[in-house]
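Some notes on the structure that comes next.
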Amino acid sequence: MSGTYGLYVVRQTGIHRLHPLTKLVYVLVCLLIGWLIPGVWSPYIVLLIGVVPVALIARVLPEVIKNTIKTAIPFAISLIIVQGLFWTGGTIVRQLGPFSLKAEGLLFAIRGTGRIILAVSGFLLLNYTTRSDELMLALSQKGLPNSISYVVLSTLQVIPRFQRKANTILDAQRSRGLETEGSYLIRMRALMPLVVPLLLGSIVDIEERAIALEVRAFSREGAKTSLLVLHDTRFQRAIRWLLMLGAMAVIGWRFYLWLAPRLA
Amino acid sequence: MNLSVENISFTYPGGAEALRGVTLDIASGEAVAIVGENGAGKTTLVKHLNGLLKPTRGRVIVGEWDTREHTVAKMAARVGFVFQNPDDQIIERTVGDEVAFGPRQLGQSAPDALANATAALEMVELAAESGTHPYDLTAPQRKLMTLASVLAMRTPVVIFDEPTMGQDARGVALIGNIIETLKSEDRTVIIITHDIDFCADHFERVVAMADGRVLADGPAADVLAQADLLATTNVEPPQLIRLAQALGLPGAPLSTDGFIASLRRRDGTR
Ligand SMILES: Nc1ncnc2c1ncn2[C@@H]1O[C@H](COP(=O)(O)OP(=O)(O)O)[C@@H](O)[C@H]1O
Ligand SMILES: [Mg+2]
């Protein structure tokens, strides 16, 4: 299932049944608020009240947490190293040999990490609960060109396909005696026999997809009839407007905070 | 080389319990066919035999080696595995080099690897294509090349996952010949197949699987004659057995000769 609809995780919950745009707007507004409201901890607060409860209701919280950590940890570590240790000036918290850990750098890294975690978890929440084809249909109904939808949609679908393909290739080559476990050198040597079939396979794949699209009249001009029917409600439309108004208010307020000292 | 599967269970990380307590002993030189409907766990089972998967419970022993204690690459010297899709492994520019890849990985010298590759290509009747680019072969030819790339490793055990799929009658006959050759060399052959007639033609022992378990395991004639058991695995008995049963003949003939013999036995002629 996940191969067909991007990262979609099949669950029967109210969140899954919401109109794709409602979820898209919700996630974008959460990101906006978390990024714009000043304060080191604001991304984390939005994460706790905005993202976590919804993920819980949608029964995808474990998946969201697991994959957010996987994605965010490398960023967090590099941010802490770069900003924490190489911050110029600032208060020294602790001396580590020739390096000094600065409080300001540390706070900056914490906020940066929070922003990344918020963005990644929001993106995952949206994609775990929304079939990518429905999201794209919703966007093209709002005027997004088909070619853009296609690029976004196929990128989402390619990730799980790529992973599955890579695993099959790994199995096939190991079965022919290719050592892939062990030292760095061994793993480097194993790279070519894994990457070559993956790339060649992707080229064949892309060609097949292009042909499949062409025979389905992808490049035809004009409106198309969709077999998918999206359910929207007046309530959800109202919620979306409210969320966007709220976002606007936050932007306005943030702008005022930025402008005020300059006018004084 | 003896294979011993000791009460193994396996659950995929996604959650599917694909094997539920499978026990199987395969002696050196045996030819075993595994049948069963899609999703029965056949591929999952054979992936345990070369260590691609390690059992969640139980253990798999391949000639004294516990698969959990050796890398797949090490196991590859003992168990050859022919995959379904050849395009998942092609890396060389010529058919000859591609087929020599496995032997080279096993540490054979270049001349040895070349000799083994040439012999394997002869077995699949692709010797003339050894200088061709793999992608210039037809799809059924590429599949035969994949088969050759495993034969060239000269492993004591060879596993085929649905080798006859996508082959025409000639290709099927060719694969049948290869299996007979391997048997005559006393190598262990394990095959997964949906082609019951192929299975009846070449395999003395049949294992029927359903829902992660072994339903039946025994001489081909016995297992393939149990129509009701095969029905639960969504497999039909071979044509000859069905014909014999429809005619009320004694026994379960797997070959035309056997069929004629039981026909004569019933009619009381010689
Ligand atoms: N990589 C995988 N991840 C999760 N589940 C899998 C995977 N491969 C197979 N399965 C599941 O395990 C079961 C057995 O699959 P498999 O061994 O491929 O069956 P067969 O080869 O008999 O058709 C099926 O229910 C299948 O969906
Ligand atoms: Mg299979």
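Looking only at region B:28-49, which residues are within 16 Å of ligand 2 (Cβ to nearest atom) and closer than 18 Å to B:Val157 by Cβ? Once the filter is applied, which keeps residues that are within 16 Å of ligand 2 (Cβ to nearest atom) and closer than 18 Å to B:Val157 by Cβ, region B:28-49 yields B:Val32, B:Ala33, B:Ile34, B:Lys42, B:Thr43, B:Thr44, B:Leu45, B:Val46, B:Lys47, B:His48, B:Leu49.
Residues are listed down the side, and each one gets a yes or a no for (1) touching a His at 6+ places or on another chain (Cβ under 9 Å); (2) more than 9 Å from ligand 1 (Cβ to nearest atom):
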{"site": "B:Asn2", "(1), (2)": "no, yes"}
{"site": "B:Tyr12", "(1), (2)": "no, no"}
{"site": "B:Asp25", "(1), (2)": "no, yes"}
{"site": "B:Ala40", "(1), (2)": "no, no"}
{"site": "B:Thr43", "(1), (2)": "no, no"}
{"site": "B:Gly51", "(1), (2)": "yes, yes"}
{"site": "B:Thr71", "(1), (2)": "no, yes"}
{"site": "B:Ala76", "(1), (2)": "no, yes"}
{"site": "B:Val79", "(1), (2)": "no, yes"}
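So, in region B:80-110, how many residues would count as being among the β-branched types (Val, Ile, Thr) and more than 8 Å from chain A (Cβ to nearest Cβ)? Residues flagged as among the β-branched types (Val, Ile, Thr) and more than 8 Å from chain A (Cβ to nearest Cβ) within region B:80-110 amount to 4. For B:Asn38, the conditions (1) buried (at least 21 other Cβ atoms within 10 Å of the Cβ); (2) more than 11 Å from chain A (Cβ to nearest Cβ); (3) not in a strand (DSSP E or B) are fulfilled apart from (1). Residues considered: A:Ala190, A:Ala238, A:Ala249, A:Ala210. Of these, the only one that is touching a Ser or Thr at 6+ places or on another chain (Cβ under 9 Å), modelled with pLDDT of 80 or more and among the aliphatic types (A, V, I, L, M) is A:Ala190.
Might you check whether a residue that is polar (S, T, N, Q), more than 9 Å from every other protein chain (Cβ to nearest Cβ) and touching a residue at least 40 places away in the same chain (Cβ under 8 Å) occurs anywhere in region A:182-194? No, every residue in region A:182-194 fails to be polar (S, T, N, Q), more than 9 Å from every other protein chain (Cβ to nearest Cβ) and touching a residue at least 40 places away in the same chain (Cβ under 8 Å). Residues of region B:57-99 being aliphatic (A, V, I, L, M), in contact (Cβ under 8 Å) with a residue 24 or more places away in the chain and in a loop (DSSP other than H, G, I, E, B), which ones? Of everything in region B:57-99, those that are aliphatic (A, V, I, L, M), in contact (Cβ under 8 Å) with a residue 24 or more places away in the chain and in a loop (DSSP other than H, G, I, E, B) turn out to be B:Ala76, B:Ala77, B:Ile90. Checking region B:177-191 against the condition returns a match, with at least one residue being at pLDDT 95 or above and within 16 Å of ligand 2 (Cβ to nearest atom). If you take the residues of region B:142-174 that are within 16 Å of ligand 1 (Cβ to nearest atom) and in contact with a Leu (Cβ under 8 Å, 6 or more places away or on another chain), which of them is modelled with the lowest pLDDT? Per the stated criteria, the residue is B:Pro163. Might you let me know whether region B:50-59 holds any residue that is crowded, with 18+ Cβ neighbours inside 10 Å, more than 16 Å from ligand 2 (Cβ to nearest atom) and of a type in the set (Gly, Ala, Ser)? For region B:50-59, residues crowded, with 18+ Cβ neighbours inside 10 Å, more than 16 Å from ligand 2 (Cβ to nearest atom) and of a type in the set (Gly, Ala, Ser): present. Going by the structure shown, is A:Val151 without any contact (Cβ under 8 Å) to a residue 60 or more places away in the chain and more than 9 Å from every other protein chain (Cβ to nearest Cβ)? Yes, satisfied. Quick one: is B:Gly102 away from ligand 2 (no atom under 16 Å from the Cβ) and either among the aliphatic types (A, V, I, L, M) or not in a loop (DSSP other than H, G, I, E, B) (or both)? Yes. The residues on offer are A:Ala212, A:Ala217, and the sole one that is more than 30 Å from A:Pro38 (Cβ to Cβ) and not in a helix (DSSP H, G or I) is A:Ala217. Exactly one residue among A:Ser175, A:Ser154, A:Ser226 is over 28 Å from A:Phe123 (Cβ atoms) and polar (S, T, N, Q), and that residue is A:Ser175.
Scanning region B:175-190 for residues that are away from ligand 1 (no atom under 16 Å from the Cβ) and not in a helix (DSSP H, G or I) gives B:Glu185, B:Asp186, B:Arg187, B:Thr188, B:Val189. Test A:Ser175 against the criterion of being hydroxyl-bearing (Ser, Thr, Tyr) and more than 7 Å from chain B (Cβ to nearest Cβ), and give yes or no. So A:Ser175 does not fit the description; no. Within the bounds of region B:127-146, is there any residue that is hydroxyl-bearing (Ser, Thr, Tyr), within 16 Å of ligand 2 (Cβ to nearest atom) and under 18 Å from B:Ile196 (Cα atoms)? Checked region B:127-146: no residue is hydroxyl-bearing (Ser, Thr, Tyr), within 16 Å of ligand 2 (Cβ to nearest atom) and under 18 Å from B:Ile196 (Cα atoms).
So which residues in region B:189-214 are buried (at least 24 other Cβ atoms within 10 Å of the Cβ) and of a type in the set (Phe, Trp, Tyr)? Scanning region B:189-214 gives a single hit, B:Phe203.
Checking each residue in region A:225-239 for being assigned to a loop (DSSP other than H, G, I, E, B) and in contact (Cβ under 8 Å) with a residue 40 or more places away in the chain picks out A:Ser226, A:Leu228, A:Leu230, A:His231, A:Asp232, A:Thr233.
The values are calculated or read from the model by the stated rules, or taken from the named source; none is laboratory data. Worth saying up front: this structure is predicted, and the values here are computed from it rather than measured. Note that we place each Cβ from the backbone using ideal geometry, even for glycine, and neighbour counts take in every protein chain shown.
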